[in-house]
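Reading through the structure tokens given below for one structure.
The values are calculated or read from the model by the stated rules, or taken from the named source; none is laboratory data. Note that the structure is predicted; figures quoted are calculated from it, not measured. Reconstructed Cβ throughout: ideal geometry from the backbone, glycine too, with neighbour counts over all protein chains shown. With ligands, DNA and RNA removed, areas are computed over all heavy atoms of the protein, side chains included. Shrake-Rupley method; radii C 1.70, N 1.55, O 1.52, S 1.80 Å.
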Amino acid sequence: MADPTFTPRVFSGIQPSGGLTLGNYLGMIKPAVGMQNSGDFETLYCMVDLHAITARLVPPSELIHNTREVAAGFIASGIDPAKSMLFNQSQVPEHAQLAWIFNCVARMGWMGRMTQWKDKAGKNAEAASLGLFAYPTLMAADILIYHATHVPVGEDQKQHLELTRDIAAKFNHDYGIEFFPLTEPVIGGAAPRVMNLQDGSKKMSKSDPSDKTRINMTDDADTIAKKIRKAKTDPDPLPDAVAGLEGRPDARNLVNIYAALAETTQQAVLDEHAGALFGHFKMALADLAVSKLAPIAGEMQRLMADPAEIDRILGDGAQRARALSAPILDQTYDIIGMLRS
Ligand code: TRP
């Protein structure tokens, strides 16, 4: 349970590194909208542009475009800038300031065990940026600079959330003060793992070279329907129970996507479609996906036509976020003994 002494506050971030997929939508954005609308939390949603340059320094125009596109994706999906604070990370300097402190709290050993670091650095860790290694301390700072209590993320971020708790606990312990909360991950939302449409054993990814493997949030109705019709399946009909999806990753993925889009359970989907062949089920799924996603793509396109309005929204969100982050940084500096006069 989250500590009751902290205001219920949600923070989550997405890297503006190009192309939002159905995986981002179902795994993170949709739950983020739900948490906003529940009224149970203050909600902050962030385009983490400082994180987006850790893998490589991207051309500036690309970073700007991607930042605006992710913002448009949030708004088109139902994030209301009047209810949530929506902003890009670099506009709130306290993230980077707290990250430095956390670089001095986290241990090299903890960081070296991060599986995402190992995956992304690969065999040539010598050539990876120092920023890529420090990625998780910046992420911890993103969360803890607001004393956020809940973080909706995909399953692949679980280890980074554990590190965030370790950093909070070590800071609190070393300074003998209960200052940072031990943040709860809210894993996976409606669809914990949205998989590759051509290989159900791999995650759906914006970086896969083949566009057929994913649904992009900017895809139009025809493209969505076509990708679903061409998704890999097996020759057997749909089973009547979830256990029957065992060992059938492609089938399971489509049922999972259907359930998440329809806001129901996998079993309820099977109750309705048991015995159907995939040709038939894919038509139903295509209709459902088009009805849910095509309007969002259209709205994103409309928003992207007015970048000045997006920038205004992000500037306003950043200002409201800073009203929360600045006092927490001040208190952190006081605890540490950083003199300010
Ligand atoms: N690492 C996250 C991802 O790739 C993005 C992220 C950065 C994030 N800072 C965050 C997510 C803080 C949640 C909270 O998905």
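Structure summary
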read-out: Rounded percent of accessible protein surface that carbon and sulfur make up, segment 107-146, 1.4 Å probe; value: 57
read-out: R0 of 22 Å, Cβ-Cβ distance Glu299-Asp80: FRET efficiency to nearest 0.05; value: 0.95
read-out: Full-extension gain in nm, Asp234 to Met338, via 0.36 nm per residue minus C-alpha separation; value: 31.2 nm
read-out: Angle between the chain longest axis and helix 60-77 axis [Cα atoms, degrees, rounded to 10]; value: 70
read-out: Segment 166-227, accessible surface, carbon-and-sulfur percent (1.4 angstrom probe); value: 50
read-out: Principal-axis tilt of helix 130-144 within the chain, Cα atoms, nearest 10 degrees; value: 80
read-out: Order by protection proxy (mean Cβ within 10 Å, highest first), peptides 295-301, 165-171; value: 165-171, 295-301
read-out: Stretch gain in nm, segment Thr264-Asp166, where the contour uses 0.36 nm per residue and the Cα spacing is subtracted; value: 31.8 nm
read-out: Residues in segment 310-341 reached by a label modelled at Gln97 [backbone nitrogen below 15 Å; 7 Å Cα→Cβ]; value: 319-341
read-out: Under 5 Å, built H, 5+ apart or other chain: amide partners of Val186; value: Val151, Val153
read-out: Sequence-distant residues sharing a close amide H with Thr43 (under 5 Å, placed H); value: Val10, Met85
read-out: The chain, accessible area per residue, ligands and nucleic acids excluded (1.4 Å, Å²); value: 46
read-out: Those aspartates and glutamates that a straight Cα-Cα span of less than 17 Å connects to Lys120, excepting residues fewer than 8 apart in one chain; value: Glu155, Asp156, Asp208
read-out: Ordering of 321-329, 174-182 by packing [mean C-beta count within 10 Å, highest first]; value: 321-329, 174-182
read-out: Protection proxy ranking, peptides 263-272, 20-29, average beta carbon neighbours within 10 Å, highest first; value: 20-29, 263-272
read-out: Per residue, the convex hull volume that the Cα atoms of the chain enclose (Å³); value: 151
